[in-house]
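Structure record follows, encoded as structure tokens.
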Amino acid sequence: MRQAGRYLRQYREIRAKHGLLEMCKRPDLAATVTLQPVEILDVDAAIIFADLLLPVEPMGLKLRYASGVGPIIDNPVRNAADIDTLSTANGDDLGYVGEAIQLVSRALGTKVPVVGFVGAPFTMASYMIEGGASRNFIRTKRMMYGEETLWRRLMGKIVDVLAPFASSQVAAGARAIQVFDSWVGALGPDDYVRFAAPYSRALIERIRGTGVPVIHFGTGASGFFRELHAAGGDVMGVDWRINIDQAWMDISYRSAIQGNLDPVALFAPLPELKMRVTELLKRTGARPGHIFNLGHGILPETPVDNVKALVQMVREFKP
């Protein structure tokens, strides 16, 4: 999962000296914090350090991060004129992400693959409309329900920015791209199919055209996991709100699956953690195509020794 280094002392020492956007935009810093979990934990992939909202800046939005609040967009998208002014032509401004991927790829060689990522169109749109995180997504849904033509124009522009951005990550050395739909759980199944799925599908198809696999992850989407899968993905990420064997069966094992330990399980005593890891791995059994992972991002307070122990538990498991 993303944010893989933020519970590490080595990460926090760098973060104390640099803002989040600065870390993302300096390839040397982004590469350093990407490599830290690989070197400390000996995991099987490196997930590039970036932020899913970076593409809104070349589109013309003003992004900043407030302590304790998270991302804030000072000029959110609220009407037709706002959508008209959004640019799809400045993707080269995101070249720093590709540079970081190149640095990480050189450092790891062929030993460990680098995974790139983009936000899914619905999640990107909701941040752009709300101006930040939201509990009820009132403005987003108001546009969806009341101004569908505007909604579709906005989503089309977002896809036209995200697809080349993902392709540039692949060109820089990313061996897979993960599409994060962090806020898709705000939708019901019918709204997902009508307002979000067509754009996720278009984005995923364009990324797959680069020749790398796509991991498709939606938070809180277990109630419409089949619909999420229908939008595409060589690998489907699943959060902890559904048993992984049930989720896999729901899509008739037609994609690989990634997940899905509750991140808070890493705070449990080691015997309890081992029981949970073993149960999860038993649910996927010997069937090929399971990528063990958390069911969402790791939390900053997570005990590092428990993460190290988790990696060993997974490595030592025998079905």
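Just so you know, all these numbers are worked out from the coordinates, no wet-lab data involved. All values derive from a computational prediction rather than experimental measurement. Here the Cβ positions follow ideal geometry from the backbone for every residue, glycine too, while neighbour counts run over all protein chains shown.
Quick notes on this structure:
- Top of Val114, Val69, Val214 by mean-square fluctuation, Gaussian network on the chain, Cα under 10 Å: Val69
- Cα centroid separation, the stretch 102-142 to the stretch 256-319 (Å): 23 Å
- Over all Cα atoms in the stretch 9-316, the spread is summed up by Rg and Dmax: 19.0, 57 Å.
- Amide H contacts for Asn260 (H built 1.01 Å from N in the peptide plane; partners 5 or more residues away or on another chain; cut-off under 5 Å): Asn293.
- GNM result for the chain, Cα springs below 10 Å: residue of Thr110, Thr278, Thr219 fluctuating most strongly: Thr110
- Annotation: amide H of Gln178 within the under-5 Å range of Gly116, Phe117, Val118, Ile215, sequence separation 5 or more or interchain, hydrogens built in the peptide plane.
- Restriction of the trypsin sites (Lys or Arg not before Pro) in the stretch 215-319 to DSSP coil positions whose beta-carbon has at most 14 other beta-carbons within 10 angstrom yields Arg254.
- For the stretch 11-99, trypsin sites (Lys or Arg not before Pro) meeting the loop criterion (DSSP other than H, G, I, E, B) and having at most 14 other Cβ atoms within 10 Å: Lys17, Lys62.
- Only Cα pairs under 8 Å and 6+ residues apart enter the sum, and on that basis the relative contact order of the chain stands at 16 percent.
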